[in-house]
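Below is one structure, written out as structure tokens; comments come after it.
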Amino acid sequence: MKGIVFTEFLDLVEDKFGLEMVDAIIQKSTLESGGVYTSIGTYKFSEMLQLLQHLSADTGISIDDLLLVYAEHFFSVLEESYPGLLATYSDPIEMLASIEDHIHVEVRKIYPDAELPTFDVLEKTENSLVMIYKSSRAMHHFGLGLMNKTFEHFNSTATIELEKIKDDGTEVKFIVNKN
């Protein structure tokens, strides 16, 4: 997992819960990195999972809800860092439908060894989209948060349903209907 995901996560934890919480979740975790991350480094997903689990336990907030909030934070990082990529699109449905064939292609140019989820578009209309998310990391709520922020970015709203195809969350159907 790319370091930017870790550095931004810890920034969010510090902003929302304080530096003491950052220290606490790092200390409670068994981290090969020692809890020291650079945005360009690559780290094991197991480290992120431990940090999320300890943050969830210490705050009483579910991992899914933490991922949702984190995704909303991360979208602002994308807006600041890659405004040209977002400017390519004028509609949230078009942008979401292009995750696999355009956005992830661009991400791989910057981070060639990034392990990204896949998003297969099953159905697309002007105002709706059905996609299948697949990832061994089961971070579907991170994807949901990014989708929510995508609509907000375009001054639009949507109803987004999430249906687990596999109980462990490694395969999920997103049903998106623009309001």
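The values are calculated or read from the model by the stated rules, or taken from the named source; none is laboratory data. Owing to the predicted nature of the structure, the values given are computational and were not obtained by experimental measurement. Backbone-built Cβ (ideal geometry, glycine too); neighbour counts: all protein chains shown. To get the accessible areas, we keep the full protein, side chains included, count just its heavy atoms, and leave off ligands, DNA and RNA. Shrake-Rupley method; radii C 1.70, N 1.55, O 1.52, S 1.80 Å.
Each Cα pair under 8 Å and six or more residues apart adds its sequence gap; the mean of these over the residue count of the chain is a relative contact order of 19 percent. In summary, the aspartates and glutamates within cross-link reach of Lys164, defined as a Cα separation below 15 angstrom excluding same-chain residues under 8 places away, comprise Asp64, Asp120.
Only Lys, Arg, Asp and Glu count, each charged at its Cβ (+1, +1, -1, -1), so figure out the dipole size of the stretch 12-170 about its Cα centre, rounded to 20 debye.
Details: 11 positive and 27 negative charges, 62 e Å.
Charge dipole of the stretch 12-170: 300 debye, to the nearest 20.
In this structure, Asn127 and Gln27 have a Cβ-Cβ separation that, at R0 = 41 Å, corresponds to a calculated FRET efficiency of about 0.30. Considering only alpha-carbon pairs that sit under 8 angstrom and 6 or more positions apart, the relative contact order computed for the stretch 111-170 is 28 percent.
Taking a point 7 Å from the Cα of Ile40 along the Cα-to-Cβ direction, the residues of the stretch 88-111 with backbone N closer than 13 Å to it are 110-111. Nearest 0.05, what FRET efficiency do Ser62 and Ile175 give at R0 = 25 Å with Cβ-Cβ as r? In this case the efficiency is close to 0.70. Here the chain has 50 percent of its accessible surface on carbon and sulfur atoms, given a 1.4 Å probe and all protein chains in place. Computed over the chain, the P(r) curve from all C-alpha pair distances, binned at 10 Å from the origin, holds 9, 37, 36, 16, 2 percent per bin. Subtracting the Cα-Cα distance of Ile110 and Leu49 from 0.36 nm times their residue separation leaves 19.6 nm of extension gain. Between Leu52, Gly145, Phe74, the Cα set farthest toward the positive side of the dipole of the stretch 1-155 (charges on each charged residue's Cβ, about the Cα centre) is that of Leu52.
Note on Val5: accessible area approximately 20 square angstrom, rounded to 10, probe 1.4 Å, nucleic acids and ligands left out. Heavy atoms of the protein chains alone define the surface here; on that basis the chain has 51 Å² accessible area per residue at 1.4 Å probe size.
The residues neighbouring His153, those whose beta-carbon lies less than 15 Å from its own, together hold a net charge of -4 under the Lys/Arg +1, Asp/Glu -1 convention. Rounded to the nearest 10 degrees, what's the angle between the helix 63-81 long axis and the longest principal axis of the chain, both from Cα atoms, 0 to 90? On a 0 to 90 degree scale, this one is about 70.
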